[in-house]
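Inspection log for the structure reproduced underneath, given as structure tokens.
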There are 2 protein chains.
Amino acid sequence: MSDRLMPPTLRFMLAARRSELDGLEGLAATCELVTLISQLVHALQRERGYSNIYLGSQHEDHRAQLDLHTEQASALAEDVQQRLLSMDLEASSAADRARLFNRIAYVLHGFGELPGLRRRIRERVLSPLDATAALTRLIGGLLAVVFEAADTAIDPSITRVLVALFNFMQGKELAGQERATGVAGFSAGFFDANLHERILHLAQSQERCFQTFSDFADPQALTLWRTLQASTETTQVARLREVALRTSASHPVDPGLSQLWFELYSQRIDAMQAVEQHLAEQLLSTCRQSIKHAHADLDNHRVLLQRLASLETMGCGDARLFSVQATDLDSPAPDGHGPQMGRSLLDLLQAQTHRLQDANLQLDEARQALNERKLVERAKQLLMKEFGLSENDAHGRLRQSAMSRGLRMVDMAQSMLAVAGKG
Amino acid sequence: MSDRLMPPTLRFMLAARRSELDGLEGLAATCELVTLISQLVHALQRERGYSNIYLGSQHEDHRAQLDLHTEQASALAEDVQQRLLSMDLEASSAADRARLFNRIAYVLHGFGELPGLRRRIRERVLSPLDATAALTRLIGGLLAVVFEAADTAIDPSITRVLVALFNFMQGKELAGQERATGVAGFSAGFFDANLHERILHLAQSQERCFQTFSDFADPQALTLWRTLQASTETTQVARLREVALRTSASHPVDPGLSQLWFELYSQRIDAMQAVEQHLAEQLLSTCRQSIKHAHADLDNHRVLLQRLASLETMGCGDARLFSVQATDLDSPAPDGHGPQMGRSLLDLLQAQTHRLQDANLQLDEARQALNERKLVERAKQLLMKEFGLSENDAHGRLRQSAMSRGLRMVDMAQSMLAVAGKG
């Protein structure tokens, strides 16, 4: 019997299942994109590090290394771009796609800027700060795509992995920024108040990201992460960070520490990449599993529903199959299988309702972890609008206000929004 | 220039807008369904009331009134069913539709039961309690459709109206249940402990629903509601409720009060229908407005983006239009309009990002109001699974536990889930 000929109740039950499956398949494509993005971000972080070194020194001997990293990042950016351009923009009418598409538009714009940016780096007409800022913006745009993917995923187990991955990537990106800040401070011989504060802020923000990652990570990811945290590189980076924080104009250190810091920190970031790699694989295997389950469920469901429907057409269940007595709903019927079939249909329907509700609540719980970022973003927007600040300045202002009051960024954001009547 | 020929950044920006618009149009269809459902629920509530009266008396003189209400409800159910059956089940691949489809499957099943149920009522082979329970289940199924519509709507202003409407409908349904409970108590001459408790519970639950409605209603709906609350019927119903709560086996009242209670309460419920009608109109006009704005925005956006794109193809902006220098992102370019165009593209993109983020946060806020119901549903499921209870019994058990501890249902649900490690 074709689905079309089924009684309407059964058709809608099947449609609910099929809709879940379609959603999962769309999500799987997004997750593949996310794993590619995670590789690209890593390559861009390296390119950013070597661009800084190249621009910081006056030797051409760093050029070959830089070119190598640029080549790797270019190839990955090409992959990501191809995948983006092959997306079917009209496939889904879900409005949740609007935010994703918008973030992708920003990334594509950034890809367009890359050749010019790289040329200007090689011509040494950009300061290390400007080069870093430009690549940091692009990486931020890529992270925003991962964020939207996490925020719009519709399967709780996949959402959990995406929340873990997003927070890990974000923590790793903050680590990359700490590496750059450290290079600047050690190269100068000491950390002024501004660099000092920045190091502290970056270290704290990383900790929060990795905490959220830990809350959502699978046991294996957690083991990998704990091993990394107990490793020599981590201890050595922490030791150098303490040295950094003790420096001042009157107590400088040997600028040669800059190179050591960069190398140790790079080892740490490369080790992080292994955890990220594991999370990316976990993401893809979770997608595959969810799709496999949904397929099997849909097939079982279809067989069961068709059996119910054919009982009806054969007259075994007759009209009562779909018009059971009201009292049948609460108690087993005494007479024959007609009402019992009605009963099993309702059981099936109820089980599906409970499963969907449960998934929805678990989804809400996992998404809560993303709210912190949304509040901070919204407070930044408020500052940008009210004081005509750039995004960077708004971020700085929010951070300053939080630090001067001993608050976390998110709490500062929340109280700012509350004062503005928007919280 | 066709959209296809646009540079990818612009195509994705347009796709984001179009995706929003598509989502709104799908939402508008759901909202029309919701307004039809609100009328149907009202008719079914009347049919339920008159079924009770018919089953409670042994006279056939209530039969004509009952038939009239059945006829009205049947016609509306037919409208709703037609609309449901004409839904395109394959149109959207959003998984959010799964919950909606599942709720609709339940309603369609209930529609199939109606003819048999009505026959059995007329044959007087059902108790008033069973007849009420069957119609209450169907009404609950229809309310669940409205709930899912509210929970999956993607436009904050529409979500707000849906949250107000759902809570109002839910409050009105609880009022209908209180009316029936009162009829049972007054007919018996007094309210035993069970009926007493039930009246109190229904009165409190209504209050919570109408509070949430008030939090989200437009000013006009609020005025209508306050007028109704200050009306004679409301005062008189409240007075009779007090009388009801003072009765006992040793202090009975005249069973004739039953008819008075029913009539006064019915006037009150009919007056509620006017508020609901206003909310339904508000819902449709909000949909129309949102779609109109989104259309206008999309058109403006398309013109603006095409102007940007044609500047590029004409060579005015050249490659730099989409590959602005990194520093252009933070400061106006000194030389010509190329980078300025890049600048306005980024402005546009940023404005769109902020608008989408803002809408998303507002959406989250409005949906929070629906979480209470989700927690209660989940706790009920837990009880059903753990103790093999029916849905009704689980609800009763949860209500009892809450009352005996002086807690609200939602707080009891939350602590139950926490104890079970599922909170």
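The values are calculated or read from the model by the stated rules, or taken from the named source; none is laboratory data. Remember, it's a predicted structure, so these values are computed and weren't measured experimentally. As a convention, Cβ positions derive from the backbone with ideal geometry for all residues, glycine included, and neighbour counts pool all protein chains shown.
A few points about this structure:
- Taken over the stretch A:1-55, the criterion of being among the aromatic types (Phe, Trp, Tyr) and free of Cβ contacts under 8 Å to residues at least 60 places away in the same chain is satisfied by A:Phe12, A:Tyr50.
- Among the helices (runs of 4 or more DSSP H) confined to the stretch A:198-316, the ones with at least 3 residues that are in contact with an Asp or Glu (Cβ under 7 Å, 6 or more places away or on another chain) and touching a residue at least 40 places away in the same chain (Cβ under 8 Å) are located at A:257-313.
- Scanning the stretch B:47-63 turns up at least one residue that is in a helix (DSSP H, G or I), modelled with pLDDT of 90 or more, assigned by TED's automatic domain parsing to the domain that holds B:Glu113 and surrounded by fewer than 19 Cβ atoms within 10 Å (Cβ to Cβ).
- The set of residues in the stretch B:39-61 being of a type outside the set (Asp, Glu) and within 14 Å of another protein chain (Cβ to nearest Cβ) consists of B:Leu44, B:Arg48, B:Ser51, B:Asn52, B:Leu55.
- Residue in the stretch B:31-38 that is within 14 Å of chain A (Cβ to nearest Cβ), within 19 Å of B:Ala274 (Cα to Cα), among the aliphatic types (A, V, I, L, M) and in a helix (DSSP H, G or I) present: yes
- Selection within the stretch B:320-366: residues that are more than 8 Å from every other protein chain (Cβ to nearest Cβ), modelled with pLDDT of 80 or more and in contact with a helix residue (DSSP H, G or I) (Cβ under 6 Å, 6 or more places away or on another chain). The member of this set that is farthest from A:Ala144 (Cα to Cα) is B:Ala366.
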